1. Could you work out the relative contact order of the chain, using alpha carbon pairs under 8 angstrom and six or more residues apart, expressed as a whole percent?
2. Taking amide H positions as placed 1.01 Å from N in the peptide plane, with prolines and chain starts having none, which residues 5 or more places from V149, or on another chain, fall under 5 Å of its amide H?
3. With all protein chains present and a 1.4 Å probe, how do M262, M276, M102, M198 order by accessible area, largest first?
4. Report the FRET efficiency, 1/(1 + (r/R0)^6), for Q7 and V277, where r is their Cβ-Cβ distance and R0 is 30 Å, rounded to 0.05.
5. Could you pull out every one of the lysines with an alpha carbon less than 19 Å from that of K319, ignoring same-chain neighbours closer than 8 positions?
6. Give the relative contact order (percent, whole number) for the range 237-282; include only Cα pairs under 8 Å separated by 6+ residues.
7. From the list (i) 23.4, 74; (ii) 21.0, 64; (iii) 20.1, 64, can you say which value of Rg and Dmax of the Cα atoms in Å was derived from the structure given?
8. Restricting to Cα pairs below 8 Å that are 6+ residues apart, what does the relative contact order work out to for the range 122-194? Please round to a whole percent.
Amino acid sequence: MGSITLQKVSKVFGEAKVIPSIDLEIKDGEFVVFVGPSGCGKSTLLRLIAGLEDVSGGNIVIDGRDATEKAPSERGLAMVFQSYALYPHMSVRNNIAFPLKMANMDKAEIDRKVADAARVLNLTDYLERKPRQLSGGQRQRVAIGRAIVRQPSAFLFDEPLSNLDAALRVNMRLEISELHQQLKTTMIYVTHDQVEAMTMADKIVVLNRGNIEQVGSPLELYHKPRNLFVAGFIGSPKMNLVKGQYAAQFGAHTIGVRPEHMLLSTESGDWKGKVMVAEHLGADTFLHVDVEGIGHVTARGGGDFPAKAGDLVYLTPDKTRIHKFNEGGLAI
């Protein structure tokens, strides 16, 4: 079991309300991602669940039992930090085995658990190496292995890929997703990278200033953002947001159109604009266009779309894919 329920959980540091009051239910086996900008409270919320920070109010229930006052070691959770937190003088084997040795587990059982974790994480050939002899991705796998052997009811990941280069981030993203499918254990994952959130999560929790803006599946948040904050945060590149007379035509204060829902042409369209920057990425072309009366607009076209900085292009929003928001920023 690995269900976690937050009931009006709050956290105050001095005069600052970092987490005003949060209610959230995480089901057994779910992969839940906390996402939001820096300072939104996502890491603080994770640390409250882990017991590394005391709550200022509310309750944390793990597997049906109130764990609010329990020590981290009594919660049945395992945390993986972005810094790896490995012991440099120990071998990979001993780093993974460390929590089991501290629990005075039988040596034969420790060896079996370490071997199992190493096999799952493709670390069998590296068990006798020291952390300094490993790549960043391998070190992160060792840190995950140390969590796996404890057989926790849930894994807590605090921006585990932020120290890796772009290629390793993609690889580790896939490995963690595959690990979740194998173990079927609850995972809570903190990141500021909404691409990680979209590609990994069963459920995304979008946080802003300590409050939950929206909870839902990646596609639910993509297709039906509840407000302007979620609309602008989920999706890469970001959704175009347009106010003024054009938005008023749709009975809205603001409308949103994603770059991929913008038809590009060199001949005709609703809007005419000058290309400020053209990003040719192979399969896709992203154009950053200055449209008179509208402002800066980003459009996504095919990889061979013929445009460069300084060119005039035409853009037409897909009317069936427009998101409408009222003056208060809520979807309508």
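1. 17
2. Long-range HN contacts for V149: none found.
3. The ranking, largest first, comes out as M102, M276, M198, M262.
4. The calculated FRET efficiency here is 0.05.
5. K224, K238, K243, K272
6. Reported relative contact order: 31 percent.
7. (i)
8. 35
The values are calculated or read from the model by the stated rules, or taken from the named source; none is laboratory data. Note that this is a predicted model, so its numbers are computed, not measured. Cβ atoms come from the backbone with ideal geometry, glycine included; neighbour counts cover every protein chain shown. We work out accessible area using only protein heavy atoms, side chains counted, and drop any ligands, DNA or RNA first. Shrake-Rupley method; radii C 1.70, N 1.55, O 1.52, S 1.80 Å.
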